[in-house]
Amino acid sequence: MEKILIIDDDKLNLKVLKDTLARVGYNVIEAQNGEIGLQLFRSEHPDLVITDFQMPGIDGLEVLAEIRKLNIGIPIILLTGFGDVVLTIKSIQQGAFDFLEKPIDLQQLKTTIQLALNSVKVSNSLNEVLNKDMSSESMLEENILVGKTPPMKEIFKNIGRISMNKVNVLIQGETGTGKELIARLVHYSGITSHQPLVIVNCSALTETLLESELFGHVKGSFTGSIRDKKGKFELAGEGSIFLDEISEVSLNTQVKLLRVIQELEFERVGGEGIIPMKARIITATNRNLEDLIKEGKFREDLYYRLKVFTIDLPPLRERKDDINDLVIHFLHKLNKRFQKNVVKIGDGVIDMLKAHEWHGNVRELENTILQAIVMSKSDVLERDNITLNNRSNRNLQLRQELPMFRTLADVEKYHIKRILDEVNWNKMESSKILDITRPTLNAKIEKYNLTQELSDYSETD
Ligand SMILES: Nc1ncnc2c1ncn2[C@@H]1O[C@H](COP(=O)(O)OP(=O)(O)OP(=O)(O)O)[C@@H](O)[C@H]1O
Ligand SMILES: [Mg+2]
């Protein structure tokens, strides 16, 4: 019979858990605080520990850390009343087998215990992450990621799990779902968080420039290369390289990427020396790579090398219960940035936001809150100040005032701006609608000095 130690200062909870697990046939021992728990751990040698997080005296994370010093393999399940990303990741990193939120779903608890007891290799590499440095922890808190809904919590748990090794991670999700934020989280919660994170937007550059950006070049290797330049792979060192919009990489460059991953080395463009590649590759895409593979636009072998671990970010409309927390988070963030003080949420606002479809996902929500804050004359986020963009009324708005055009360039400028606005400045979608490449679109944006007005700050921060 397996022995389970439960540590919880809440007597009622302790009893419920004990009775439930005893009924299933476990030998249950209980402790009402961390100290007694640790004593019992030493004398009783349980097979599994369940501990509350918040307790007077020694808390759950400390219990976890202490037990880990004594026994590296024993599964520990943490219970908590908070839905806290940092805590979730920390506890998983420090070797918690799982993290369950109160009120405890007893069925889920039983399943988790079974899983934990069955799994042999729960905590092989845990020691490595026990001594994390502080700087990465503060980075973790800076890149705040809101999400308490089940799919988001599952993602955070998985990030905790993969943080112990350097697997390549592919992040998939619609535009504005938070892929870049997740990429940062993957890096800063990982074992190489003290190494650099280097970000490359693969859609912004032509093939030649992208390759020189990635691999570096030697002076004179192509027009404009006036001095030697280190590439991003080199700059990432033993950290992470984040290749955003990986779907936009040309087939030629894909071959080169594949080679780097397979051979773990590369050469600068025009160079001869071999440089070792040690970085972890994180990629993101808002297009379905499997479709692109079928169309012959993306290499299947590269795909499998990149998606050793996949994170699928659900669209906001599938996690509407996060909207409330997101609004609070954005009010906090944007008040600071725009020196406003909108601290209350008006009646019906959340319901109204929950009814919207959010095709631009979290970014669209953030922009909506920003506009409302700017419009607001009091400390309340009012329904009246919130403008929800659905495509039809945006088109209507656009049709209302047609400016006087003189030149072809005027027409082009207006048309591009209009399409960009229509799709919330999603350049990928715009370039598809306009039937031009991303680099061409970028060049035109620059040429005409186009900006997203109120909402373009999110791209540049
Ligand atoms: N869960 C979240 N909590 C807090 N802020 C978020 C969250 N998800 C996204 N954001 C914010 O929304 C904006 C868009 O996020 P991000 O740039 O990561 O999206 P993306 O998926 O990379 O979009 P795209 O596909 O258009 O590049 C950012 O300002 C980001 O800070
Ligand atoms: Mg992005």
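The values are calculated or read from the model by the stated rules, or taken from the named source; none is laboratory data. Quantities reported herein were computed from a predicted structural model and do not represent experimental measurements. Because the Cβ atoms are built from the backbone with ideal geometry, glycine has one as well, and the counts that use them run over all protein chains shown.
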Please specify each residue of region 244-274 satisfying the condition of being surrounded by fewer than 19 Cβ atoms within 10 Å (Cβ to Cβ), part of a helix (DSSP H, G or I) and aliphatic (A, V, I, L, M). 251, 255, 258, 261
Candidates 181, 209, 258, 235 - the one that is under 14 Å from the mean Cα position of the chain (by Cα) and not β-branched (Val, Ile, Thr): 181
Given the conditions (1) part of a loop (DSSP other than H, G, I, E, B); (2) touching a Phe, Trp or Tyr at 6+ places or on another chain (Cβ under 7 Å), and given that residue 341 satisfies all but one, which numbered condition is not satisfied? (2)
Determine whether residue 278 is touching a Gly at 6+ places or on another chain (Cβ under 7 Å), surrounded by 15 or more Cβ atoms within 10 Å (Cβ to Cβ) and of a type in the set (D, E, K, R). yes
Please pick out the residue among 68, 23, 42 that is of a type outside the set (Gly, Ala, Ser) and either touching a strand residue (DSSP E or B) at 6+ places or on another chain (Cβ under 6 Å) or crowded, with 19+ Cβ neighbours inside 10 Å (or both). 68
I need the full set of residues from region 170-221 which are away from ligand 2 (no atom under 16 Å from the Cβ) and assigned to a helix (DSSP H, G or I), in order please. 188, 207, 208, 209, 210, 211, 212, 213, 214, 215
Just checking, does region 225-245 include any residue being among the acidic types (Asp, Glu), in contact with a strand residue (DSSP E or B) (Cβ under 9 Å, 6 or more places away or on another chain) and within 16 Å of ligand 1 (Cβ to nearest atom)? yes
What are the pairs, 6+ residues apart or on separate chains, where a residue within region 221-246 that is in the same structural domain as residue 173 (by TED's automatic domain parsing) has its Cβ under 8 Å from a residue that is acidic (Asp, Glu) and within 16 Å of ligand 2 (Cβ to nearest atom)? 242/180; 244/180
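One line per residue, one yes/no per condition, for (1) buried (at least 20 other Cβ atoms within 10 Å of the Cβ); (2) within 20 Å of the chain's Cα centre (by Cα); (3) more than 16 Å from ligand 1 (Cβ to nearest atom):
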| position | (1), (2), (3) |
| --- | --- |
| 321 | no, yes, no |
| 335 | no, no, no |
| 345 | no, no, yes |
| 348 | no, no, yes |
| 364 | yes, yes, no |
Name the residue, out of 148, 166, that is surrounded by fewer than 21 Cβ atoms within 10 Å (Cβ to Cβ), of a type in the set (Lys, Arg) and within 16 Å of ligand 1 (Cβ to nearest atom). 148
Kindly establish whether residue 194 is assigned by TED's automatic domain parsing to the domain that holds residue 299, within 22 Å of the chain's Cα centre (by Cα) and surrounded by fewer than 20 Cβ atoms within 10 Å (Cβ to Cβ). yes
Name the residue, out of 61, 78, 14, 5, that is modelled with pLDDT under 95, in a strand (DSSP E or B) and surrounded by 15 or more Cβ atoms within 10 Å (Cβ to Cβ). 78
